[in-house]
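Comments concern the structure below.
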Amino acid sequence: MKKILICFVICLFGSNANTQTYSANSIVSKWISAARDLEVLVYLDKNGKYASTITWFVAKVKDKTMQDYCDIKNPDCALGNRK
């Protein structure tokens, strides 16, 4: 009887764990990294696809600010020098 009761309780609470639903758009927001050194804005672009933008980060070099960094690893050379 005790085993049946334990199985019933596990099934009752276990089935409740998967009933929470999320919208696909729940990722659309500002997100901050666990280290609190980066902020990213996730949004839907005009084509309905998800996109993101880094809105803030902590510069690793003392004398540089966020605006001093360029996107030098961008595969599109025209965008590599933008700040």
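Rule-based calculations on the coordinates, nothing more; no lab input. Everything numeric here is computed off the predicted structure, so don't read it as measured data. We place every Cβ from the backbone using ideal geometry, glycine too, and count neighbours over all the protein chains shown.
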Local electrostatic count, Trp56, Cβ distance below 13 Å [Lys/Arg +1, Asp/Glu -1]: 0
Simple label model, 7 Å out from Cα along Cβ direction - Tyr43 to Phe57, nm: 1.9 nm
